[in-house]
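Notes to accompany the following structure.
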Amino acid sequence: MSAQFTLAELAECCGADLQGDGNCRIQGVETLDNAAEGQISFFNNPRYRRFLQDTRASAVILRPSDARDCHTNALLTDNPYLAWARVTRCFAPALDLGKGIHDAAEVDEEASIHPDAVVAAGAVVGAGSRIEANAYVGPNCVLGRDVLLGEGSRLLASVVLMDGVRIGRECLIHPGAVIGADGFGLASDQGRWEKVAQLGSVTLGDHVEVGANTTIDRGAIHDTVIHDGVKLDNQIQVAHNVEIGENTAIAACTGISGSTRIGAGCTLAGGVGVVGHIELADGVHVSGASVVSRSLREPGVYTGGILAMPHKIWQKNIARIKQLDSMARRLKELEKALSRLEAQPDDNEK
C-alpha cells in the first residue's frame, strides 16, 4: 500500500504553516499541471503561475505572498523547494537492503564487517577493509585493501573504492562511481611519458553524495579531500589533490583539474571547467559551461559561458570577435592621434 499522510502531518514534517483542511489526506506528489485530487505539489517559480491557478492538486506548497493565487489547501513557507524536498522523502519507498553478507559476495578474511552491515551479491571486499554499522555495499561493488566505509553509508551498485579510500558517515554513492583511481600524473622524457606514482588516497567526510559514474582521483602525495555535506552530480571528474569545502554542490559534467581548492558553500553549474592549482573562495557560484582559469577570491556569481543564440547571429558575432585585435590596434592609433591633436597649441592662442 502506498504511503498516505494528512496535510497536518506533512506540515509538521516540512516545517510549514497550514492553510486549509489539516485532515485532507495526501497520497502522493506531482507537478502543478499534472496533479490530481489527493496529491500535493509546490510553486516556487513565477513562470508556472498559470498552472497554480488551474491546478487540481489537493494542496500546494508555496510562499505566503503567493497564497492569494492558490484556490486549494496550502503549506506556507519562505522556502517552498526545501519544504518540497522534505515532503518528497515522506513518499519515497522504503528500501529493503536485506542483511548480512550474501553467499555470492567475496570478503577477505582480514576484512572487518559489522554485523548490522549488508554486503550484497557479487561484491568484493579486500583485506584490511572495514565496513561499519548499517552500511550497505550493493551488488558488484569492489572495495580494495584498507578501505573504510563509515556508519550508515551506502554504495548502491558497481561502485569501486580503490585501496585506502575512506568514506565518512551517512554517505550515498551512486552506481558506477569510481573513487581512488590514479590521478593523471605524467612526466615527459623527450616526448615519452613516464607515470608519477600516485601515493595518496581519497577521503570523504560525512553526508557526502556522489553521483553515478563520477570519478574522484587519489592524491599524488596527500589525499584528495571532499568535506562534509558536499553533493556531486553524475559524471563529474575530480582530479588528484583537489579539496572541496563543506556543503558545496557541483552539477553534472563538471571537470576539476588537479590541486584546485574549492571553498565551502559554493555551487558549480553543469559543464563547468576548472583549471588546476587555483582557489575558489567560500560562497563562489559559477554559471553553467563557464571556464574558471584563475583564482576567484571573492564570493559572488561568476559567468564565463556564451549563451545559445540563432546560428546566423552567432556567425556574425564570431566574425566580429576575430576582428577585435585589429580593431583594438586601430583604436589605440586613433587615441594617440587625438592626443597629439589636443597637445598642439590652438591658433587663437598664438
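The values are calculated or read from the model by the stated rules, or taken from the named source; none is laboratory data. The structure displayed is predicted, hence computed values, not measured ones. Note: ideal-geometry Cβ built from the backbone for every residue, glycine included; neighbour counts use all protein chains shown. Only protein heavy atoms, including side chains, enter the accessible area calculation; ligands, DNA and RNA are left aside. Shrake-Rupley method; radii C 1.70, N 1.55, O 1.52, S 1.80 Å.
Observations on the model:
- Across the protein chains, with a 1.4 Å probe defining accessible surface, the residues S293, S129 rank S293, S129 from largest area downward.
- Reachable aspartates and glutamates, given that their alpha-carbon falls under 19 Å from the alpha-carbon of K332 and they are not under 8 places away in the same chain: E342
- Quarter the surface of the alpha carbon convex hull of the chain and you get the mean projected area, 30.6 square nanometres.
- Lys/Arg +1, Asp/Glu -1 at C-beta; the chain dipole; positive extreme among G150, M309, V60: M309
- Based on protein heavy atoms only, the chain ends up with 57 Å² per residue of surface accessible to a 1.4 Å probe.
- Take F51: with every protein chain present and a 1.4 Å probe, its accessible area is about 50 Å².
- Three-way shape label, the range 1-75, alpha-carbon gyration tensor, a/c 1.5: oblate
- C70, C13, reordered so the largest accessible area comes first (probe 1.4 Å): C13, C70
- Whole-Hz ³J(HN,Hα) from phi, Karplus 6.51 cos²θ - 1.76 cosθ + 1.60, for the range 115-123, glycine and proline x: x, 8, 7, 10, 10, 7, 4, x, 6
- Using a probe radius of 1.4 angstrom, the carbon and sulfur fraction of the accessible surface of the chain is 50%.
- Heavy-atom accessible area with a 1.4 Å probe sorts H71, H114, largest first, into H71, H114.
- In summary, no lysines lie within cross-link reach of K231, defined as a Cα separation below 19 angstrom excluding same-chain residues under 8 places away.
- Note on the chain: with a GNM built from Cα contacts shorter than 10 Å, the maximum mean-square fluctuation among I321, I167, I250 falls on I321.
- The helix-only estimate of mean residue ellipticity at 222 nm for the chain, built from DSSP H runs of length n ≥ 4 each weighted as -39500 (n - 2.57), is -5000 deg cm²/dmol after division by the residue total.
- Within the assembled protein chains, the solvent-accessible surface assigned to S58 is about 20 Å², based on a 1.4 Å probe.
- Heavy-atom accessible surface of S65, to the nearest 10 Å², is about 70 Å², with a 1.4 Å probe and all protein chains retained.
- Of L280, L307, L268, the one that fluctuates the most in a GNM where the chain has Cα springs shorter than 10 Å: L307
- In terms of its C-alpha gyration tensor, the range 198-323 comes out prolate, because a/c is 1.5 or above and the ratio a/b outweighs b/c.
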